[in-house]
1. Is it true that some residue in region 199-214 is closer than 30 Å to residue 142 by Cβ and of a type in the set (Ser, Thr, Tyr)?
2. Would you please name the residue that is farthest from residue 135 (Cα to Cα), looking only at residues in region 216-236 that are free of Cβ contacts under 8 Å to residues at least 24 places away in the same chain and of a type outside the set (Gly, Ala, Ser)?
3. Suppose the filter is outside the structural domain of residue 228 (by TED's automatic domain parsing), touching a Leu at 6+ places or on another chain (Cβ under 9 Å), of a type outside the set (Gly, Ala, Ser) and within 16 Å of the ligand (Cβ to nearest atom); does residue 156 pass it?
4. Looking for whichever is at pLDDT 95 or above, within 16 Å of the ligand (Cβ to nearest atom), open to solvent by 40 Å² or more (accessible area, probe 1.4 Å) and of a type in the set (D, E, K, R) here; the options are 20, 107. Which one fits?
5. Restricting to region 110-121, give me the number of residues that are within 16 Å of the ligand (Cβ to nearest atom) and open to solvent by 30 Å² or more (accessible area, probe 1.4 Å).
6. Just checking, which of 182, 166, 197 is in contact with a Gly (Cβ under 9 Å, 6 or more places away or on another chain), within 16 Å of the ligand (Cβ to nearest atom) and more than 21 Å from residue 111 (Cα to Cα)?
7. For region 154-170, what are the residues that are surrounded by 14 or more Cβ atoms within 10 Å (Cβ to Cβ) and outside any loop (DSSP other than H, G, I, E, B)?
8. Within region 72-104, track down each residue that is among the polar types (S, T, N, Q) and open to solvent by less than 40 Å² (accessible area, probe 1.4 Å).
Amino acid sequence: MPKVQLERILHTQGFGSRKECRALIRNGRVAISGEEIVDPFVEIDPLGLVFSFDGEPWIYQAQAYVMLNKPAGFECSHQPKHHASIYSLLPPPLNGRGVQSLGRLDEDTTGLLLFSDDGKFIHAISSGKRKVPKTYRVRAKHPVSDEQIQTLLAGVQLIDELSPIVAAGCERLDDSEFLLTVTEGKYHQVKRMVAGVGNRVESLCRVAVGGLQLPADLAPGEWRWLSEDDLAQLRT
Ligand code: URA
């Protein structure tokens, strides 16, 4: 990869305007391999670059692909109305480079939420036409009957929808918990489907998108970069 000025590298990673990044570097806030770099115009190959900013390591990423374990009590909006924004859980450079969530989860829904600044990727994964499966662990208010599971798999007619919405998968975990897989991304879809079969969602956690599972070691509120392997899983 051709070498790029450090000032420009910081700018692409979301640390501010070119002028702001120049000042950050000149103020000694950036180091590479433990060595402070104060020349904003030094040329570096960004591929595989790990620099530190205020002592915190930062991995150069040409495009940002990120997962968050969304906690309850956060809104998927830049202008939240009643709760904090999920974007407040991401480090400032990710917001600085304009990452967006791939679809939305309700304020009280937890689990796997993806972000990117790659418009094509966002469209490919979140467009309803692609039918990417999304799996939710549902805790219901009442015990889940076999009939309710069969109806979810056969299709539930929701108000405002032309035809019944069919679950791509439904697997009981215990009396009142089950995994529900849907391929659409309609407003309050899971809550409305569960209500449609005569039950009620008590809690909802998204545990997978495509073949990508919510990692057990990603605590609520934590984020991490998606690896190449994660990206491949997502497409399966
Ligand atoms: N379905 C819902 O009802 N809520 C979510 O947050 C996601 C899917």
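The values are calculated or read from the model by the stated rules, or taken from the named source; none is laboratory data. All values reported here derive from a predicted model rather than from experimental measurement. Positions of Cβ are backbone-derived with ideal geometry, glycine not excepted, and every protein chain shown enters the neighbour counts. Protein only, heavy atoms only, side chains kept; ligands, DNA and RNA dropped before computing areas. Shrake-Rupley method; radii C 1.70, N 1.55, O 1.52, S 1.80 Å.
1. Within region 199-214, one or more residues are closer than 30 Å to residue 142 by Cβ and of a type in the set (Ser, Thr, Tyr).
2. Keep residues of region 216-236 that are free of Cβ contacts under 8 Å to residues at least 24 places away in the same chain, which gives 216-217, 227-229, 232-233.
Narrowing the set further to residues that are of a type outside the set (Gly, Ala, Ser) leaves 217, 228-229, 233.
On the way: 217: 18, 228: 21, 229: 19, 233: 14 Å.
By that ranking, first place goes to 228.
3. Details: outside the structural domain of residue 228 (by TED's automatic domain parsing): yes; touching a Leu at 6+ places or on another chain (Cβ under 9 Å): no; of a type outside the set (Gly, Ala, Ser): yes; within 16 Å of the ligand (Cβ to nearest atom): yes.
For residue 156, the condition - outside the structural domain of residue 228 (by TED's automatic domain parsing), touching a Leu at 6+ places or on another chain (Cβ under 9 Å), of a type outside the set (Gly, Ala, Ser) and within 16 Å of the ligand (Cβ to nearest atom) - is not met.
4. Numbers: 20 fails: within 16 Å of the ligand (Cβ to nearest atom).
Of 20, 107, the one residue that is at pLDDT 95 or above, within 16 Å of the ligand (Cβ to nearest atom), open to solvent by 40 Å² or more (accessible area, probe 1.4 Å) and of a type in the set (D, E, K, R) is 107.
5. Residues that pass the stated criteria total 1.
6. Numbers: 182 fails: more than 21 Å from residue 111 (Cα to Cα); 197 fails: in contact with a Gly (Cβ under 9 Å, 6 or more places away or on another chain).
Step by step, each of 182, 166, 197 is checked, and only 166 is in contact with a Gly (Cβ under 9 Å, 6 or more places away or on another chain), within 16 Å of the ligand (Cβ to nearest atom) and more than 21 Å from residue 111 (Cα to Cα).
7. Residues satisfying the conditions are 156, 165, 169, 170.
8. Taking region 72-104 first, the residues among the polar types (S, T, N, Q) are 77, 79, 85, 88, 95, 100-101.
Answer for region 72-104, where residues must be among the polar types (S, T, N, Q) and open to solvent by less than 40 Å² (accessible area, probe 1.4 Å): 77, 85, 101.
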